[in-house]
Amino acid sequence: MSDKLATCLWFDHGEARRAAEFYAQTFPDSHVGEIHLASSDYPDGSAGNELTVEFTVLGRSFVGLNGGPIFVPNEAISFMVLTDDQAETDRYWNAIVDNGGEERACGWCKDRWGFSWQVTPRALLAAMKATTRPLQSGL
């Protein structure tokens, strides 16, 4: 991994590679990188288990950590994917939801690992910018 910053995502045991492979199949400019095995036993795991998986989604670097069921994702962090047309929006949305995910309110969905996604048309953001007023000081 050559970037200076990568986001580490916590997965239940053995799920990091499955997630990385799904993301790589779903999004362009995405791939699964190196898989690192634990060199020794660790809390809740054994030597030789897949410990981390490096992967890229839409050109961004991630590390998937097979940390176990201790921590689970929540909506405090989400991935916003900007789409250029309805076909692209539908393709990403359906891929996430149809692979064990679930629909959420306001254009959000969750993947099967619990990570939240905002599949957002660029046209929606442009419309929102067109109706946004500048913040007035002294209010």
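The values are calculated or read from the model by the stated rules, or taken from the named source; none is laboratory data. Here the structure is a predicted model, which means the values were calculated and not measured. All Cβ positions, even for glycine, are placed from backbone atoms using ideal geometry, and neighbour counts span all protein chains on display. Side chains are part of the model used for accessible areas, which takes the heavy atoms of the whole protein and leaves out ligands, DNA and RNA. Shrake-Rupley method; radii C 1.70, N 1.55, O 1.52, S 1.80 Å.
Quick one: is Gly14 on the phi > 0 side of the Ramachandran plot and not hydroxyl-bearing (Ser, Thr, Tyr)? Yes, satisfied. Considering the conditions (1) open to solvent by less than 20 Å² (accessible area, probe 1.4 Å); (2) touching a strand residue (DSSP E or B) at 6+ places or on another chain (Cβ under 7 Å), Gly68 is excluded by exactly one of them, (2).
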